[in-house]
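Structure, as structure tokens:
The values are calculated or read from the model by the stated rules, or taken from the named source; none is laboratory data. All figures in this text were calculated on a predicted structure; none of them were measured in a lab. When we count neighbours, we look across all protein chains shown, and the Cβ atoms used for this are built from the backbone with ideal geometry, even at glycine. Keep in mind that these areas ignore ligands, DNA and RNA; they rest on the heavy atoms of the full protein, side chains included. Shrake-Rupley method; radii C 1.70, N 1.55, O 1.52, S 1.80 Å.
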Amino acid sequence: MAAEDRLDLPMVGERQSLREQVAHALRAALITGEMRPGVVYSAPVLAAQFGVSATPVREAMLDLAKEGLVEAVRNKGFRVTELSDRDLDELTEIRQLIEVPTVARLADSSRAAEFERLRPVAEEIVSASERGDLLAYVDADLRFHVELLTLCGNAHLVSVVRDLRNRARLYGLSQLSERGTLGDSAREHLQLLDALKNGDSDAVRHLMTEHIGHVRGIWAEHSA
């Protein structure tokens with residue numbers, strides 16, 4: 001490669017992996033409620049707890065900021081984003097306006113094979129709820145809904161919903177898991193697949209409305 005063609009790019013590999021590992025751990029702390037909304041966290045302090053330098057922690061926090069999970073506080077660190085009841089109501093309303101009719105339109109028995117390909121992911125959600133693995137639950141839940149919406153063929157719609165779901169985190173999962181009621185929400189994914197496979201758009205519309213409503217109920221319980 002000629003000298004003039006060579007770009008001065010950073011090395012990828014170990015540090016990138018470390019950044020991803022830190023982001024994964026921070027997401028877990030957010031999901032379980034260990035990192036609290038409104039609290040400012042210092043990258044150097046977190047880095048000391050991880051036993052790494054502050055750089056991968058800052059990079060990981062910037063990734064979370066792009067997802068709307070935290071926000072940068074000048075010269076201090078990062079604050080966990082706090083959502084009001086109105087924020088949560090509005091995000092829920094937007095999800096219902098987009099996801100309910102979109103998924104209902106997918107109901108078609110001739111597409112049964114496409115829906116069946118999502119069953120292993122739905123079963124992952126149930127399995128994660130049963131063993132109390134909240135990070136695996138959220139990961140599988142996001143994959144399920146994104147892959148389902150992808151079947152509608154509108155990439156922009158999928159991107160919007162992914163962003164909404166990132167911003168409207170599943171509050172209160174740890175409490176539901178401890179009470180053993182997280183499985184109820186998890187099993188709704190299997191019921192939804194059955195309704196889609198049967199071509200029952202009315203049942204799909206009802207299930208999607210209930211499912212998104214249950215998520216808002218989780219937040220309400222958590223904030224009460």
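I'd like the full set of residues that are β-branched (Val, Ile, Thr) and more than 21 Å from Asp163 (Cα to Cα), limited to the stretch 24-68.
Result: Val39, Val40, Val45, Val52, Thr55, Val57.
Residue-wise test of (1) loosely packed, with under 14 Cβ neighbours inside 10 Å; (2) among the hydrophobic types (A, V, I, L, M, F, W, C); (3) within 30 Å of Gly199 (Cβ to Cβ).
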{"site": "Met35", "(1), (2), (3)": "no, yes, no"}
{"site": "Gly38", "(1), (2), (3)": "yes, no, no"}
{"site": "Leu97", "(1), (2), (3)": "yes, yes, yes"}
{"site": "Thr102", "(1), (2), (3)": "no, no, yes"}
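Every residue in the stretch 69-84 that is out of contact with any Asp or Glu (no Cβ under 9 Å at 6 or more places or on another chain), part of a strand (DSSP E or B) and under 14 Å from Asn166 (Cβ atoms), please.
Val70, Glu71, listed by residue number.
Scan the stretch 82-104 for residues that are among the β-branched types (Val, Ile, Thr) and either assigned by the TED database to the domain that holds Leu30 or out of contact with any Gly (no Cβ under 9 Å at 6 or more places or on another chain) (or both) and jot them down. Write out each step before concluding.
Step one: of the stretch 82-104, the residues among the β-branched types (Val, Ile, Thr) are 92, 94, 98, 100, 102-103.
The answer is Ile94, Ile98, Val100, Thr102, Val103.
Considering only residues of the stretch 85-95 that are under 14 Å from Glu210 (Cα atoms) and at pLDDT 90 or above, which is surrounded by the fewest Cβ atoms within 10 Å (Cβ to Cβ)?
In the first step, residues of the stretch 85-95 are kept if they are under 14 Å from Glu210 (Cα atoms); the result is 92-93, 95.
Those still in the list that are at pLDDT 90 or above too: 93, 95.
Values: Glu93: 12, Arg95: 21.
For the stretch 85-95, the residue satisfying everything is Glu93.
Does any residue in the stretch 47-66 that is free of Cβ contacts under 8 Å to residues at least 40 places away in the same chain come within less than 7 Å, Cβ to Cβ, of a residue that is open to solvent by 60 Å² or more (accessible area, probe 1.4 Å) and of a type in the set (S, T, N, Q) six or more places away or on a different chain, and which pairs are these?
Ala47/Ser53
What number of residues within the stretch 146-155 satisfy the criterion of being at pLDDT 95 or above and assigned to a helix (DSSP H, G or I)?
Matching residues across the stretch 146-155 total 5.
Any idea which of Ala122, Ala136, Ala112, Ala107 is at pLDDT below 95 and either over 18 Å from Ile212 (Cα atoms) or assigned by the TED database to the domain that holds Asn154 (or both)? Steps first, answer last, please.
Working: Ala122 fails: at pLDDT below 95; Ala112 fails: at pLDDT below 95; Ala107 fails: at pLDDT below 95.
Of the residues listed, the single one that is at pLDDT below 95 and either over 18 Å from Ile212 (Cα atoms) or assigned by the TED database to the domain that holds Asn154 (or both) is Ala136.
Go through (1) open to solvent by 20 Å² or more (accessible area, probe 1.4 Å); (2) in a helix (DSSP H, G or I); (3) farther than 29 Å from Leu91 by Cβ for Pro56 and report which single condition fails.
Only one criterion is unmet by Pro56, namely (1).
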